[in-house]
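S.K.: One structure, as C-alpha cells, below. Some questions next.
The values are calculated or read from the model by the stated rules, or taken from the named source; none is laboratory data. Small disclaimer: the values here were computed from a predicted structure and weren't measured. A quick note on method: Cβ atoms are made from the backbone with ideal geometry, for glycine too, and the neighbour counts reach across all protein chains shown. Quick note on the areas: whole protein, heavy atoms, side chains included, nothing else; ligands and nucleic acids left out. Shrake-Rupley method; radii C 1.70, N 1.55, O 1.52, S 1.80 Å.
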Amino acid sequence: MPELSIRIKKKNDGSAALSCTRADGTTTWQRQNGPQGAFFPLHDLTHLAVESVLGLRRAFYGLLTEGRDISSFERTDERGALPHEALFAELIVGYFDLERRVGEHFPVAEFNDKARAYFADHGAPEPPFELTQAQIDAVRARRATYFAQWSALAPGDALELSFDRSTQTGACVVG
C-alpha cells in the first residue's frame, strides 16, 4: 500500500470530493462544491504533478501523509505553520494555475523570479532550489496526463492515485 491513496470523485452535480487515505488507514477528505468543484480537482492534480516531479516530501500530499487534515490548509493560522518546502510548492502550483487560467506557458526564469521575489517579500529564506526547464516540462507533461484522465472521467466515477514520498511517483488508476 502506498503512503497515501488519493481519490478524487467527479460528482453528478458538478461538485467533486477529494479523499486521502494514509497507510495506517486514517482518512482526510473535502467536498468541493460549485466553482470549487471545477477548480480544485485540477489544482490538486497539479499539486501531485509538482510534488512528484520535484521530489517534494513535505508539501501538500506529504503533509497529508504525515497526518495533517485537508481542512487545516484553509485556516490562515495553520498556513503560517507550513514548512518552507510546502510554501514553495504552493507558490509553484499557483503559478501553474495562473498558466492554466491565461492559457499560456511562462518561461522557467519567470517561475524562479516569482519564487525569489515571494520569499524575499515575506522575509523567508531563498526558495529550496532553482527550477529547470526540464522540471517544468516534466510537471506540464504529468499534469496534462492527469487532466486528460480527469476530463475523460464520467460523472459518478473517481480518479484514484497514489503518493509515496520514498519513490516520488504518482501512479494513476481510473475507476
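S.K.: Out of all the residues in segment 126-143, which are assigned to a loop (DSSP other than H, G, I, E, B) and open to solvent by less than 60 Å² (accessible area, probe 1.4 Å)?
M.R.: Hits for segment 126-143 are PRO127, LEU131.
S.K.: Continuing with the same structure: Within segment 58-65, identify whether any single residue is within 22 Å of PRO155 (Cβ to Cβ), in contact with a Pro (Cβ under 7 Å, 6 or more places away or on another chain), part of a loop (DSSP other than H, G, I, E, B) and not acidic (Asp, Glu), and answer yes or no.
M.R.: The answer is no; no qualifying residue exists.
S.K.: Across segment 144-163, what is the total count of residues that are among the aliphatic types (A, V, I, L, M) and open to solvent by 20 Å² or more (accessible area, probe 1.4 Å)?
M.R.: Residues that pass the stated criteria total 4.
S.K.: Could I ask something else about it? Would you confirm whether or not segment 75-95 contains a residue that is open to solvent by 60 Å² or more (accessible area, probe 1.4 Å), modelled with pLDDT of 95 or more and under 17 Å from HIS43 (Cα atoms)?
M.R.: no
S.K.: Out of all the residues in segment 50-61, is one or more crowded, with 18+ Cβ neighbours inside 10 Å, charged (D, E, K, R) and modelled with pLDDT of 95 or more?
M.R.: Yes, because at least one residue in segment 50-61 is crowded, with 18+ Cβ neighbours inside 10 Å, charged (D, E, K, R) and modelled with pLDDT of 95 or more.
S.K.: Would you check which residues across segment 91-148 are touching a Pro at 6+ places or on another chain (Cβ under 7 Å), free of Cβ contacts under 8 Å to residues at least 24 places away in the same chain and of a type in the set (A, V, I, L, M) and list them?
M.R.: Matches in segment 91-148: none.
S.K.: Which members of segment 92-108 meet the condition of being part of a helix (DSSP H, G or I) and closer than 17 Å to GLN133 by Cα?
M.R.: Residues satisfying the conditions are ILE92, VAL93, TYR95, PHE96, GLU99, VAL108.
S.K.: Could you list all residues from segment 109-125 that are surrounded by 12 or more Cβ atoms within 10 Å (Cβ to Cβ) and either assigned to a loop (DSSP other than H, G, I, E, B) or touching a helix residue (DSSP H, G or I) at 6+ places or on another chain (Cβ under 7 Å) (or both)?
M.R.: PHE111, LYS114, ALA115, TYR118, ALA124
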